[in-house]
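Trainee: The structure under discussion is supplied below as structure tokens; questions concerning it will follow.
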Amino acid sequence: MKINDYYQDVAQLNLNGSIAALLPNVFLIAFNLALFHNHKIFILAVPFFLYSFFCFQLYLFRKQQALRINRNMTELRLERKNNSLLSARYLLVLYSNSQNSRVLFYYPDGHLAGSIKRYRSTGLRPIRFSKIYVLYDEDHGAIACYRVKGKKTMKIEVYDKDKSYLGCLLKTKQNWWNNREELFNGEGKYFGEVAGSKLFMDEKIIDSNDRQVSRLRRGWMPVEWSPIFPEPNTPVLSFSGNQSAQEKLLGMTILINEYFLER
């Protein structure tokens, strides 16, 4: 899957919204012509028509973006490199707000790196009192899972694919405006804390040695990536060069908090 497929899916969602907004118009006009014959009732159809028109224009715009990205990737001859989600230095983050919301990761070359989505039990005994999110690679293989517990003091536990405990993010509410977010490794030792802005997306993980080890930031995307990623405010997740896979998995708890819990 490539980034142009993402914009193609977004375009299809907008087209579905446009068609859905026309259905109330059809029923409203049909009932009015059959029963009431009141021209004023047609005014009620105007908002649905305007919304349908707006969604259709978004569909055309996203469709054009998908075609342009596909053409740019062909012209630049960008082929999938031998990368992995946990070895990448930079990942671009996109949120798919569909029926089953998920976070998608892309390499700067436009190829899919992985995704995060909520796990929903299909058994007779669903998991209660917690939310579980699973991190997948580009082949939909599970890499890690994140279990959310608590409300006032929230805890996001991290487990690898072998169900080994890697650590957690502990979020403590200090007052109505501020929260303290601390990271602990699998042995319960302090790893670092999350520092960021309340006004815009800029989340940094500072380790116990006061070094920045990862950052989730919007509005920083390099210009050279723009032929493949047309939105300049596409969030970028960056890592320092000396992090282990376990530390990266632990750091991705900020994505669970940012996209699934705070939104």
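Trainee: Out of the range 187-229, which residues are in a strand (DSSP E or B), open to solvent by 60 Å² or more (accessible area, probe 1.4 Å) and among the hydroxyl-bearing types (Ser, Thr, Tyr)?
Mentor: The one that is in a strand (DSSP E or B), open to solvent by 60 Å² or more (accessible area, probe 1.4 Å) and among the hydroxyl-bearing types (Ser, Thr, Tyr): Tyr190.
Trainee: Name the residue that is modelled with the highest pLDDT, counting only residues in the range 12-36 that are over 35 Å from the mean Cα position of the chain (by Cα) and small (Gly, Ala, Ser).
Mentor: Per the criteria, the residue is Ala30.
The values are calculated or read from the model by the stated rules, or taken from the named source; none is laboratory data. Predicted model, so just to flag it, every value in this text is computed and none were measured. Areas reflect the complete protein model, heavy atoms only, side chains present, ligands, DNA and RNA absent. Shrake-Rupley method; radii C 1.70, N 1.55, O 1.52, S 1.80 Å.
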